[in-house]
1. Can you grab the distance from the C-alpha centre of segment 118-138 to the C-alpha centre of segment 27-76, Å, no decimals?
2. Quickly rank 80-89, 142-151 as a protection proxy: mean count of other C-beta atoms within 10 Å, highest first.
3. Ranking F137, F22 by Cβ neighbours within 10 Å, fewest first, what do you get?
4. Kindly state, to the nearest 0.05, the FRET efficiency for V99 paired with Q127, given R0 = 45 Å and r defined as their beta-carbon distance.
5. Let a ≥ b ≥ c be the square roots of the eigenvalues of the Cα gyration tensor of segment 26-131; is it rounded (a/c under 1.5), or, if not, prolate (a/b larger than b/c) or oblate?
6. If I model a spin label as a point 7 Å beyond the Cα along the Cα-Cβ vector, how far apart are those points for E49 and I168 in nm?
7. Quick one: if the Förster radius is 35 Å, what FRET efficiency do R192 and A142 give, using the C-beta to C-beta distance and rounding to 0.05?
8. Could you work out which residue, out of I76, I131, I168, moves most in a Gaussian network model of the chain, that is, has the largest mean-square fluctuation with Cα springs under 10 Å?
Amino acid sequence: MTIHSGFALQGYTLVLASTSPFRKNLLTRLGLPFETIAPQVDETPLVGETPLALVTRLSILKAQAVQTVYPRGLIIGSDQVAIIDGEIVGKPHTHENAVQQLSRASGNTVSFLTGLCLLNSVTGLYQVEVIPFKVVFRPLTATQIENYLRLEQPYNCAGSFRSESLGIALMEAMQGDDPNALVGLPLMRLIRLLENEGVCLI
């Protein structure tokens, strides 16, 4: 049965397993009712884990972490990492780490990988994809980095970078299919995953 967006989700609850206000704002654009919840997941990379394997694993774990809370849910899990010179760069958490990350990004191309999982908690089956996106950073002075961090404080953002606001001032170019992936929730791909579950927006 196909469920269109003007109708109830046939007893399912659409759940965003994230408390990120940016992901929440993006999901609101689809016009579907949903709930948010914080998944309790250790995001530490495993020894030798590749960036692709990391975001895949964490996006699945985040969805599965809230499965018992929503036994009849379509649960969205997502995770993102930045990669500079082949090395995973996570959330800086501190000002000093953020300065280091943006200094490395200056004049460089940074790859962002966003893992996306849609879990049907009734069947236990999930769909998972990883969406790449690249950002070419402008050469940045120490003053520009300090000003940006003072204004934005992106300490919980992968790579110390928040593209949806003043982060645009750090960028030279973007390369990717879905700019929403850079914010943390690839809506174009999510729409396809929802359609696979019978939820159609149009």
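Taken together, the values in this text are just the output of simple stated rules run on the coordinates, not laboratory data. Note that the structure is a prediction, hence the values are computed from the model and not measured. FYI the Cβ positions are ideal-geometry reconstructions off the backbone, even for glycines, and counts take in every protein chain you see.
1. 9 Å
2. Result, highest mean first: 80-89, 142-151.
3. Arranged by neighbour count, lowest to highest, F137, F22 become F22, F137.
4. 0.75
5. It comes out prolate by the Cα gyration axes.
6. So the label points at E49 and I168 sit 3.4 nm apart.
7. Efficiency for this residue pair is about 0.25.
8. Highest fluctuation among the options: I168.
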